[in-house]
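Only one structure is covered here, and it is reproduced in the block below.
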Amino acid sequence: KEESVVWIYTPREWVCGCCGALRPRYKRLVDNIFPEDPEDGLVKANMEKLTFYALSAPEKLDRIGAYLSERLSRDVARHRYGYVCIAMEALDQLLMACHCQSINLFVESFLKMVRKLLEADKPNLQILGTNSFVKFANIEEDTPSYHRSYDFFVSRFSEMCHSSYEDPDIRTKIRMAGIKGLQGVVRKTVNDELQANIWDPQHMDKIVPSLLFNLQSGEGTESRSPSPLQASKKEKESPAELTERCFRELLGRAAYGNIKNAVTPVLMHLDNHSLWEGKTFAVRCFKIIMYSIQSQHSHLVIQQLLGHLDANSRSSATVRAGIVEVLLEAAAIAASGSVGPTVLEVFNTLLRHLRLSVDYELTGSYDCTNIGTKIIKEHEERQLQEAVIRTIGSFANTLPTYQRSEVMLFIMGKIPIPGMHPMLHSTGSGPEGNRMIQVMLLKSLRQVTCGFQTTNMLTALPNSFLDPLLSFALLEDAEIRLLVLEILVSLIDRHNNLPKFSTISIISDISVLKLKVDKCSRQDNLFMKKHAQHLYRHIYLCSKEQSSVQPHFEKLYSLLALISMELANEEVVVDLIRVALALQDLALSSEETLPVYNRCAVHALSSAYLNLISQLTTVPAFCQHVHEVIEMRQKESPYLLPEDVFIENPKIPKTLEKLEGELLFQQAKITEVLGGSGYNTERLATPYVPQFTDEDRLSKRKSIGETISLQVEVESRNSPEKEEVNENIKIYNTHRHIWLDSVGVEEQEKERRRQVVEKFQKAPFEEIVAARLISNVSRLSERYVLINLIFSLFLACRPPPSPSGTITSSYGQTQSRSVPVYEMKFPDLCVY
């Protein structure tokens, strides 16, 4: 085969012989590059001749490749590995030098030789074939190929990534060769539409798990940046670091339609190897994914994670918590692009799993499809709930203000409120279930409102949000009340002043706090005009709660202080001072059954706030009066100040004696000094009384009336001038009833108007139409009855003249005779 057979004629006979010089030139050039001793390596001079020949006669390139492939196969079979290396080196040089149209046939021979090496049992041959393939993958071909397939290479390189060779050094080299081979396949095929689609699930299901398998060995080196450029040489040579670079390159080339195929194998790998529970590796994988993909595709990864969370709704709490933690990290990296177009759907999914976790915790178990009934571990469910709440806050931080307002309304609509929103009806859940879901959703709402800033409070916080929120401030549950106060404080704080009021204290000079105070805008004025009385009422009533402790009073102080700086105009300042003085009266009242600690705490809250507001108003006489009262308390009653109350071991007496004189802030004195500075003295002189609901107002009015009547009755019995006193009592009672009736009518009219407006704002259109129809029908029926009554009265009082004339009475007076209606004759025009 190697030499041409030639027949030579001589005078005696024909002679058969061989002549090497007559063999094809390309074969002679190929043979000349192989030395006698393979250790000497490739003969470079002859290699240059072969390269020049291939460039001069490109039509011979496919034959050169076929001949080299033939020699390499023979050398592999004969275990002459030195010549195998020389053949591959020659193929690599020819491949790098030639870019003609005939290179496709040469590439087929090249890939055939690489495949032969990869199928060998020797690790060195596998590594040699991989290196040649990587060099080939870096070449940009001028002509497309329509029939080339890389399925074998994907399978073989993936298998090498999972190598379990005995020698650890050789095993590492084989795995790294497999990773480089997969990287080469991706580079060669990902941008060529004529090649096999590397993004197909059949390929991704092999490539991605192989990469993740090797990435696990480097779990200690966390990925902190989009590309590990500053890694040392040793780290770059490790399989984990090489895998990360390959994985990043793969994801960076993924288009919009390929994200799902690239991420799904990651989710399946984490499921199959129970890697969600550890969280660390799962978080690292998705950090790589989020940093590598194009930013506009981030929401696709988030949606896949949410879908996977739904699919694992009956998995253990640790698995669900791991998925939620990954969502938390992914949302923080993706920033504004994390939520995507379906904003409320993201939060709806998270809230659904939060409610599901509460239900699991209450029932103690749930049905699992694979292992039957699974017992719940309460602490694991609590960890999951906290993770979901943090994730909701992380997603909310990526949204603009208007979308965050929608999310706040959406969450508020999910909170079960008796009489307003539907309660929780799940198996095993009752009042405790409703309370738990209220707490969890309010914690979620607190996370969403953290850092919330808006220029228009009126549109950002409508009635549909504030009314149900404030209704929670009146519940007996101390934890729920504290959450509501924290939410209100977060909403009002728009200049980050909240950390400066985290504790209650008497500050002699508030300039050291460096507060940021802006002029109240027109929108803020409208907001306070509409909602101020509701806020004051809830601050007052929260202070009355016996279950309130130090955190409640601290949040009340923060709320009062932030309203003073964020939403205060002159009228609001006056009302806030009235509220502070009303709190002082509340602590002094003998009617309230407040513990001693709560009375001291309310006094301390009132004094701390009046100290703050006096310095904000910058009225010297007001500041002096407040300062004098505080100094007197420091000397005689330090338990009325926050420094002795809001500490770990409060220094309060067992009983609180009656306070008066210089220990109290005087409303008359404050009204006088502020009136001189242009404040509304009439409003300042009026004690603040909270606006109670109808039930509270009626019960309060009844109790006041009974008390006054009892006092008057006792005094009248003991008075010597009984008649005069009785007359005064009658006059007093008359005036009292007139005043109460007028106030009651006015309040009833206001309430009726409010109900009408609320009905037209919130009730469905069909309900409004039906109510209007019923009222119209009833109004028409009333009119019909009234008209019949008028006619009957008219006919009974003044009967019409009888057709037969008049009759004369016995007294000589003429009298009309009464004729029954059915006998009367009416003109035709009057008959209907």
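Summed over segment 272-290, the residues that are open to solvent by 40 Å² or more (accessible area, probe 1.4 Å) and either aliphatic (A, V, I, L, M) or closer than 16 Å to residue 215 by Cα (or both) give a count of 6. Looking only at residues in segment 522-537 that are polar (S, T, N, Q) and touching a residue at least 60 places away in the same chain (Cβ under 8 Å), the one that is farthest from residue 559 (Cα to Cα) is 523.
Going through (1) closer than 23 Å to residue 525 by Cα; (2) small (Gly, Ala, Ser); (3) touching a residue at least 60 places away in the same chain (Cβ under 8 Å) one by one, residue 505 falls short only on (1).
Mind listing whichever residues of segment 492-545 are part of a loop (DSSP other than H, G, I, E, B), closer than 24 Å to residue 451 by Cβ and acidic (Asp, Glu)? Result: 493, 518. Hey, any hits in segment 519-526 for a residue that's surrounded by 21 or more Cβ atoms within 10 Å (Cβ to Cβ), within 24 Å of residue 679 (Cα to Cα) and out of contact with any Asp or Glu (no Cβ under 7 Å at 6 or more places or on another chain)? Yes: one or more hits. Scan segment 291-300 for residues that are crowded, with 21+ Cβ neighbours inside 10 Å and of a type in the set (Gly, Ala, Ser) and the total you get is 1. Of all residues in segment 221-267, exactly one satisfies the criterion of being modelled with pLDDT of 90 or more, within 23 Å of residue 296 (Cβ to Cβ) and of a type in the set (Ser, Thr, Tyr), namely 264. Scanning segment 617-632 for residues that are farther than 11 Å from residue 607 by Cα, among the hydrophobic types (A, V, I, L, M, F, W, C) and either in a helix (DSSP H, G or I) or at pLDDT 95 or above (or both) yields 621, 622, 623, 632. Here residue 601 passes the criteria (1) over 37 Å from the mean Cα position of the chain (by Cα); (2) closer than 19 Å to residue 536 by Cβ except the one numbered (1). Listed conditions (1) open to solvent by less than 50 Å² (accessible area, probe 1.4 Å); (2) in a helix (DSSP H, G or I); (3) at pLDDT 90 or above; (4) not hydroxyl-bearing (Ser, Thr, Tyr) are all met by residue 330, apart from (3). In the condition set (1) crowded, with 16+ Cβ neighbours inside 10 Å; (2) farther than 28 Å from residue 650 by Cα, residue 581 is compliant with all but (2). For segment 249-261, the set of residues classified as in a helix (DSSP H, G or I), more than 27 Å from residue 352 (Cβ to Cβ) and open to solvent by less than 10 Å² (accessible area, probe 1.4 Å) consists of 250, 251, listed by residue number.
Scanning segment 310-322 for residues that are over 14 Å from residue 279 (Cβ atoms) and part of a helix (DSSP H, G or I) turns up 310, 311.
Residues in segment 476-497 that are out of contact with any Leu (no Cβ under 7 Å at 6 or more places or on another chain) and of a type in the set (A, V, I, L, M): 2 in all.
Scan segment 634-649 and tell me whether some residue there is of a type in the set (Gly, Ala, Ser) and either under 21 Å from residue 586 (Cβ atoms) or open to solvent by 50 Å² or more (accessible area, probe 1.4 Å) (or both). Yes, because at least one residue in segment 634-649 is of a type in the set (Gly, Ala, Ser) and either under 21 Å from residue 586 (Cβ atoms) or open to solvent by 50 Å² or more (accessible area, probe 1.4 Å) (or both). Which one is farthest from residue 631 (Cα to Cα) among residues in segment 658-675 that are in a loop (DSSP other than H, G, I, E, B) and open to solvent by 70 Å² or more (accessible area, probe 1.4 Å)? If we take residues in segment 658-675 being in a loop (DSSP other than H, G, I, E, B) and open to solvent by 70 Å² or more (accessible area, probe 1.4 Å), then 658 is farthest from residue 631 (Cα to Cα). Of all residues in segment 390-415, count the ones that are in contact with a Leu (Cβ under 6 Å, 6 or more places away or on another chain), surrounded by fewer than 20 Cβ atoms within 10 Å (Cβ to Cβ) and hydroxyl-bearing (Ser, Thr, Tyr). Final tally of qualifying residues: 1.
When the residues of segment 377-389 are filtered to those that are open to solvent by 10 Å² or more (accessible area, probe 1.4 Å), under 29 Å from residue 344 (Cβ atoms) and touching a Ser or Thr at 6+ places or on another chain (Cβ under 9 Å), the one that is modelled with the lowest pLDDT is 380. Within segment 171-199, the set of residues being open to solvent by 50 Å² or more (accessible area, probe 1.4 Å) and either closer than 18 Å to residue 265 by Cβ or at pLDDT 90 or above (or both) comprises 171, 172, 173, 175, 180, 197.
Across segment 49-70, which residue is farthest from the chain's Cα centre (by Cα) among those that are more than 19 Å from residue 133 (Cα to Cα) and crowded, with 20+ Cβ neighbours inside 10 Å? That would be 50. With respect to being at pLDDT below 90, over 40 Å from the mean Cα position of the chain (by Cα) and surrounded by 17 or more Cβ atoms within 10 Å (Cβ to Cβ), residue 153 falls outside the description. Among the residues making up segment 47-103, those that are in contact with a Cys (Cβ under 7 Å, 6 or more places away or on another chain) and among the hydrophobic types (A, V, I, L, M, F, W, C) are 54, 55, 61. Restricted to segment 301-311, and to residues there that are in contact (Cβ under 8 Å) with a residue 40 or more places away in the chain and open to solvent by less than 30 Å² (accessible area, probe 1.4 Å), the residue that is nearest to residue 360 (Cα to Cα) is 309. Within segment 20-48, the set of residues being β-branched (Val, Ile, Thr) and open to solvent by 30 Å² or more (accessible area, probe 1.4 Å) comprises 43 only.
The values are calculated or read from the model by the stated rules, or taken from the named source; none is laboratory data. Since the structure is predicted, the reported quantities are computational estimates derived from the model, not experimental observations. Glycine gets a Cβ as well: all are built from the backbone with ideal geometry, and neighbour counts include every protein chain shown. The accessibility values were calculated without ligands, DNA or RNA, using every heavy atom of the protein model including side chains. Shrake-Rupley method; radii C 1.70, N 1.55, O 1.52, S 1.80 Å.
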